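What follows is one structure encoded as structure tokens, with my remarks underneath.
The values are calculated or read from the model by the stated rules, or taken from the named source; none is laboratory data. Since this is a predicted model, take the numbers as computed values, not measurements. Counting neighbours? That spans all protein chains shown, and the Cβs are built from the backbone with ideal geometry, glycine included. These area figures cover heavy atoms from the full protein model, side chains too; ligands, DNA and RNA do not enter into them. Shrake-Rupley method; radii C 1.70, N 1.55, O 1.52, S 1.80 Å.
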Protein chains: 2
Amino acid sequence: MTNPCIIAVAITGSVPTKADNPAVPVTVAEQVESTQAAFEAGASIAHCHVRDDAGAPTSDPDRFARLKEGLEKHCPGMIIQFSTGGRSGAGRARGGMLPLRPDMASLSVGSNNFPTRVYENPPDLVDWLAAEMIAHEVMPEIEAFDLSHVIQAARMAEDGRLKRPLYVQFVMGVKNAMIADERILDIYIETLNRFAPDALWCAAGIGPNQIRVNEWAIARGGHTRT
Amino acid sequence: MTNPCIIAVAITGSVPTKADNPAVPVTVAEQVESTQAAFEAGASIAHCHVRDDAGAPTSDPDRFARLKEGLEKHCPGMIIQFSTGGRSGAGRARGGMLPLRPDMASLSVGSNNFPTRVYENPPDLVDWLAAEMIAHEVMPEIEAFDLSHVIQAARMAEDGRLKRPLYVQFVMGVKNAMIADERILDIYIETLNRFAPDALWCAAGIGPNQIRVNEWAIARGGHTRT
Ligand SMILES: [Zn+2]
Ligand SMILES: [Zn+2]
Ligand SMILES: [Zn+2]
Ligand SMILES: [Zn+2]
């Protein structure tokens, strides 16, 4: 490994609520506080979702702006990554915060099943989000939930819809999408190297798979996410 | 190869219209006629979509019943496979013809992108279609548009939602889904063998990829589709 391992922290996903776990940070102030703790412990990327007053996922640019402001103040130098993925079905509203120019934003380039629904990323929305990221100089983190997503991202880099080098996250262990499996991780890496040899990658294991996937990724020189 | 190669013929997909190609068989009579020609040329499975009077894809059980009747009369012994996939978004209507007890029916077990839209197969609909196929003794042909679909089918066979042995078709070359690629075909086969060692498989290359994919599949002992 010639480059240091990047550790990303996802403080609040789009699924858990206070009812699931009272420790889940939901307000912007809570998010800033717990991100700061992770930052001081060595995390370098903050993967950010925001919630509305009722605790439901939102893409409200004002919320994202307040979170960005808080993180810039309390975690200086931390890479801020906004999620564009938390509200499947919401269309272009999912990218309404990109003009805030976060350092990075997540980008799904294909569709797949989630535990109870379809995670919808129609081709025209994917292209629009990618174009917005180029326009606002936001670096995408490609969220690969299946093998074709890796190849699709490489194609988009080839034809100019995405900038190189790609930064791809292999997401493993989401029910009804790709499982967490060491051999599959090797297949992902092989395929990415074939189609986008200059790409960087990381791997995320969801829920109980987190530690295992982190270990596999680190052993292969990838980055990780908690 | 210990078993004979199965050649399936898909006479009418859900996309082409008479405007694209006047030779596309659209009425039931036209479909029976051209399937008979393929049957006499050696095809053993008829993969069937039906159209309404305006030429639009439909799942109308009456249409499927008439097609089945015509095929049974003119192509005795041919395996009749109904498509449950041609009308993404239509919900359980997609399986309304399964009580007709065709020999087989196509079954997608995950979602993915198509050229201009999301091919939606939500988890609850997948489970319902699979249960209907078991209830009416219809053998599914699993349509794998991405690698996780192969593993998902194996899981469904493990927990009883599908019967063994699985019959899986790797679909390659659909824009925005998996590309047609020989190495990826090997990865599909390896993964299927790992998770469902008793499964049978075939491969379909869409459009200009058809011949190439057929050649790769035959060389590896798989079945093919035209
Ligand atoms: Zn996220
Ligand atoms: Zn990451
Ligand atoms: Zn079909
Ligand atoms: Zn087939």
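Between copies, how close do the B:Pro208 label points come, placed 7 Å along Cα→Cβ, listed in nm from shortest?
4.8
Enter the mean number of other protein chain beta carbons within 10 Å of the beta carbon of each residue in A:103-114, as an integer. Can you show the working numbers first?
On the way: counts 0, 0, 0, 0, 0, 1, 2, 9, 13, 9, 13, 3.
Average neighbour count from other chains, rounded to a whole number: 4.
Anything losing 10 Å² or more of accessible area from the isolated chain to the full protein assembly: pick those residues out of region A:118-142, probe 1.4 Å, ligands and DNA/RNA ignored.
Going by heavy-atom accessible area, the residues of region A:118-142 that drop by at least 10 Å² are A:Val118, A:Glu120, A:Pro122, A:Pro123.
Separation of region B:49-79 and region B:97-128 by C-alpha centroid, Å?
Using only Cα atoms, the two centres lie 18 Å from each other.
Volume per residue, Å³, of the convex hull around the alpha-carbon atoms of region A:7-225?
Cα-based convex hull of region A:7-225, divided per residue, equals 114 Å³.
In peptide B:207-213, what is the residue-averaged number of other protein chain Cβ atoms found within 10 Å of each Cβ?
Numbers: counts 0, 0, 0, 0, 0, 0, 0.
Taking the mean over all residues of the peptide, I get 0.
How many partner chain Cβ atoms sit within 10 Å of a residue's Cβ in peptide A:174-181, on average, as a whole number?
Numbers: counts 1, 3, 10, 6, 7, 6, 0, 4.
Mean shielding by partner chains, rounded to a whole number: 5.
Need one number: buried accessible surface between chains A and B, 1.4 Å probe, both sides summed, DNA, RNA and ligands left out, in Å² to 100.
Details: alone 10510 and 10500 Å², together 18550 Å².
Approximately 2500 Å² gets buried when A meets B.
How far apart, in nm, are the 7 Å Cα→Cβ label points at B:Asp60 and B:Glu33?
With each label point 7 Å from Cα toward Cβ, the separation is 1.9 nm.
Per-residue counts of other Cβ atoms within 10 Å, averaged by peptide: what ranking do you get for B:205-214, B:180-189, A:101-110, B:135-144, highest first?
Top to bottom by mean Cβ count within 10 Å: A:101-110, B:135-144, B:180-189, B:205-214.
Using the reciprocal of the averaged 1/r over all distinct C-alpha pairs, how large is the Kirkwood radius of the protein assembly as shown in Å?
23.3
Over chain B, what is the relative contact order in whole percent, taking alpha-carbon pairs under 8 Å and six or more residues apart?
Reported as a whole number, the value is 16 percent.
Within 10 Å, Cβ to Cβ, of B:Lys68, how many net charges do the neighbouring residues add up to if Lys/Arg are +1 and Asp/Glu are -1?
+1
Taking a point 7 Å out from Cα toward Cβ as the label site, list the nm distances between B:Ala41 and the same residue in every other copy, smallest first.
The answer, with the shortest distance listed first, is 6.4 nm.
Using the Cα centre as the reference, give the magnitude of the dipole from point charges on the C-beta atoms of chain B (Lys, Arg: +1; Asp, Glu: -1; all else neutral), rounded to the nearest 20 debye.
Numbers: 21 positive and 27 negative charges, 24 e Å.
It comes to approximately 120 debye.
Out of the total accessible area of the protein assembly as shown (probe 1.4 Å, heavy atoms of protein only), what percent is carbon and sulfur? Display every interim value, and only then the final one.
Working: 9990 of 18550 Å².
In the protein assembly as shown, the share of accessible area belonging to carbon and sulfur is 54 percent.
Given a 1.4 Å probe and the protein chains all in place, what does the accessible area of B:Cys48 round to, in Å² to the nearest 10?
It works out to around 10 Å².
Once the dipole of region B:7-225 is set up with Lys and Arg at +1 and Asp and Glu at -1 on Cβ about the Cα centre, which of B:His49, B:Val28, B:Gln81 lies farthest towards its positive end?
Going by the charge dipole, the pick is B:His49.
Please give the calculated 222 nm ellipticity per residue for chain A, where each DSSP H segment of at least 4 residues contributes -39500 (n - 2.57) and the sum is spread over every residue; nearest 500 deg cm²/dmol?
Helix-only estimate at 222 nm: -10500 deg cm²/dmol.
May I ask you to report, in nm to one decimal and beginning with the shortest, the distances from A:Lys73 to the same position in the other copies, taking label points 7 Å along Cα-to-Cβ?
Inter-copy label distances (nm, one decimal, shortest first): 8.0.
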